[in-house]
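Asks: Okay, here's the structure, questions in a sec.
The values are calculated or read from the model by the stated rules, or taken from the named source; none is laboratory data. Here the structure is a predicted model, which is why all the values come from computation and not from measurement. All Cβ positions, glycine included, derive from the backbone under ideal geometry; neighbour counts span all protein chains shown. Note: accessible area is taken over every heavy atom of the protein model, side chains too, but ligands, DNA and RNA are not part of it. Shrake-Rupley method; radii C 1.70, N 1.55, O 1.52, S 1.80 Å.
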Amino acid sequence: MKILTSPSVLACDFLHLADEIRRADASGSDWLHCDVMDGMFVPNMSFGFDTIRAINTVSDLPLDVHMMTCVPQNYLDALKDAGADIVTIHNDIGLTEDELMEVLKNIHARGMKAAISLKPKFPAETVFPFMEELDMVLIMTVEPGFGGQKFMPDMLEKIASVRRRANEMGKEMDIQVDGGINAANAALAAAYGANVFVVGTASFRAPDMKVALDDVKKAAEEAYGKNL
Ligand code: DX5
Ligand code: ZN
């Protein structure tokens, strides 16, 4: 699997958003991770479509939008219009399996990639019914809502279960990890099958963003799949 980094814009200096996005671009980021929080699905608010649109005007990188919101299905046109390339929704938004499947299809119908994210308490099996329709699974390695938290090693086995299931299906699916990621635990997560690394605090707030992202990528590339 190709190893990718997706710096989380949540950790940037918002006073200088355009410069921060250019800095991420110049540091070799593969994607940009945009965290949308509505103050209901998670106990925090972040930014919305106008900010995503603004980010899109200064970067050609794929925008990886993590919807930590109660009704993401109502905003697919707004996401497309703002420039989202990948839309991640959570599984626990009060929809049935069929309804969630429908949302994934609606994301695809708009030409965007579709992903489901699992909070720490949801086991790997929760995403298995959706695998055919998924481009990516996001395994949260912290409770969603805030940057700067500590990586939860308990999530490693979950990553491996999802990767094994994808491999059994012959599916080259991205597995993303998000929360407290740095080079040391990126190596661990990669060993268990993760290939896309959201890096917030450890990228934007590192002394040198390019060095930090290169370190994450190198560590993950060396370790990928070793514990599968
Ligand atoms: C947390 C967000 C993350 C966060 C990651 O709810 O989903 O994307 O910004 O930031 P760090 O890497 O600082 O944990
Ligand atoms: Zn996120």
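Asks: Normalised by the number of residues in the chain, what is the relative contact order in percent for Cα pairs under 8 Å and 6+ residues apart?
Replies: Relative CO of the chain lands at 22 percent.
Asks: Return the Cα extents of the chain along principal axes one, two and three, sorted largest first, each rounded to a whole Å.
Replies: 42, 40, 30
Asks: Going from the alpha-carbon gyration tensor of region 1-48, what semi-axes, largest first and in whole Å, does one get by taking the root of 5 times each eigenvalue?
Replies: Whole-Å semi-axes of the equivalent ellipsoid: 22, 16, 6.
Asks: Collect residues whose amide H, placed 1.01 Å from N in the peptide plane, falls under 5 Å from the amide H of His90; neighbours closer than 5 in sequence don't count.
Replies: Thr69, Ser117
Asks: Another question, if that's okay. Please list, ordered by chain and number, the residues whose modelled amide H lies under 5 Å from the amide H of Asp35; skip anything fewer than 5 residues away on the same chain.
Replies: Amide H neighbours of Asp35: Val9, Leu10, His66.
Asks: In the full protein assembly as shown, how much of Glu143 is accessible to a 1.4 Å probe, in Å² to the nearest 10?
Replies: 90 Å²
Asks: How much area per residue is accessible in the chain when the probe is 1.4 Å and only protein heavy atoms are counted (Å²)?
Replies: 42 Å²
Asks: Using a 1.4 Å probe on the protein heavy atoms only, what accessible surface does Val177 show? Give it in Å² to the nearest 10.
Replies: Counting only protein heavy atoms, the figure is 0 Å².
Asks: Next question, about the same structure. If you restrict to DSSP beta bridges whose two residues both lie in the chain, what percentage is antiparallel, to the nearest 5?
Replies: So the antiparallel bridges in the chain amount to around 5 percent.
Asks: What is the percent carbon and sulfur in the accessible area of region 47-162, measuring with a 1.4 Å probe over the protein chains and ignoring ligands?
Replies: 49 percent
Asks: One-quarter of the Cα convex hull surface for region 11-109, in nm²?
Replies: 6.5 nm²
Asks: Would you list Asp154, Asp208 from the most to the least accessible area, probe 1.4 Å?
Replies: Asp154, Asp208
Asks: What number, in percent, do you get for the relative contact order of region 176-228 if the mean sequence gap of Cα pairs under 8 Å and at least 6 apart is divided by its residue count?
Replies: Reported as a whole number, the value is 49 percent.
Asks: Okay, moving on. How high is the relative contact order of region 11-84, in percent, counting Cα pairs under 8 Å that sit 6 or more residues apart?
Replies: Normalised by residue count, the contact order of region 11-84 is 35 percent.
Asks: Considering only DSSP states other than H, G, I, E and B, which chymotrypsin sites (Phe, Trp or Tyr not before Pro) in region 95-182 qualify as loop sites with at most 16 other Cβ atoms within 10 Å?
Replies: Loop-located and lightly packed - Phe146.
Asks: How much of Thr5 can a 1.4 Å solvent probe reach, expressed as accessible area in Å² and rounded to 10?
Replies: Looks like 0 Å² after rounding.
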